[in-house]
Amino acid sequence: MVMNGLSKMTVAAATALLLVMAIVPAVVAETFTVGGTDQWNTGVDYTSWVAGKTFRVGDTLEFKYGPSHSVNEVNKAGYDSCGGAPIDTHSGGDTTIDLDKVGLRYFICPTSGHCEGGMKVAVTVVAASSGTPDAPSPPSTTPGTPATPPATPTPDSPPAAGTPATPTPRSGSTSPPPPKASGASKGVMSYVLVGASMVLGYGLWM
């Protein structure tokens, strides 16, 4: 089967995308179902559920619950007292809340006795991870007085005392060999060769 030009371009683009995904780590937002398999319900230890989890800006909390429950977002005082004026209220059995800022977020079930029985959760939201290292700062330079270059003797003048004479290059001498490729260049070439091999291999297979 002969591949047409468009198919070859598609394979090349897909190969390049795979190489980029392998080199650059992706940062993916996560959705947390509050309470896990127990969901938003009475008799669940939400302090234990939160332990060991990292909630970042961009993540989502999903509350799944029955008709006898709902979700109120409250401040610290409302969380501690299981009351007070809520910041926001939610109902309907499936509530998603986007974690869009750094800080503590507090949620309770306002049904009488439920919050007092432990149906409340507090999550600490931290900044999202960029997934890329910080760019190094350029080194600071301190201006100074440039050194005076040594005087170069003219062809007609003899060299200074104690200075060896510069040998005259012989005819037919060759220039020094070019420098070897650096490790970074070899690494880039490796990625290019891998991508080219994948494209050629796919074309031959087709």
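With respect to (1) under 21 Å from the mean Cα position of the chain (by Cα); (2) more than 23 Å from Ala127 (Cα to Cα); (3) modelled with pLDDT of 95 or more, the lone exception for Arg56 is condition (2). The residue pairs whose first member lies in the range 32-51 and is more than 21 Å from Ser91 (Cα to Cα), whose second member is in a loop (DSSP other than H, G, I, E, B) and modelled with pLDDT of 95 or more, and whose beta carbons are closer than 6 Å, counting only pairs six or more residues apart or on different chains, are Trp49/Gly35. Scan the range 88-123 for residues that are charged (D, E, K, R) and not in a strand (DSSP E or B) and the total you get is 3. Residues being over 18 Å from Lys64 (Cα atoms) and within 33 Å of the chain's Cα centre (by Cα): count how many of those fall in the range 106-127. Qualifying residue count for the region: 4.
The residues of the range 59-72 that are under 16 Å from Val123 (Cα atoms) and crowded, with 17+ Cβ neighbours inside 10 Å, listed by number, are Asp59, Leu61, Phe63, Val71, Asn72. Selection of the range 68-103 for residues being hydrophobic (A, V, I, L, M, F, W, C) and in contact (Cβ under 8 Å) with a residue 12 or more places away in the chain yields Val71, Val74, Cys82, Ile87, Ile97, Leu99, Val102. If only residues of the range 73-85 that are more than 35 Å from the chain's Cα centre (by Cα) and in a loop (DSSP other than H, G, I, E, B) are counted, the one that is surrounded by the most Cβ atoms within 10 Å (Cβ to Cβ) is Cys82.
The values are calculated or read from the model by the stated rules, or taken from the named source; none is laboratory data. Predicted model, so just to flag it, every value in this text is computed and none were measured. Backbone-built Cβ (ideal geometry, glycine too); neighbour counts: all protein chains shown.
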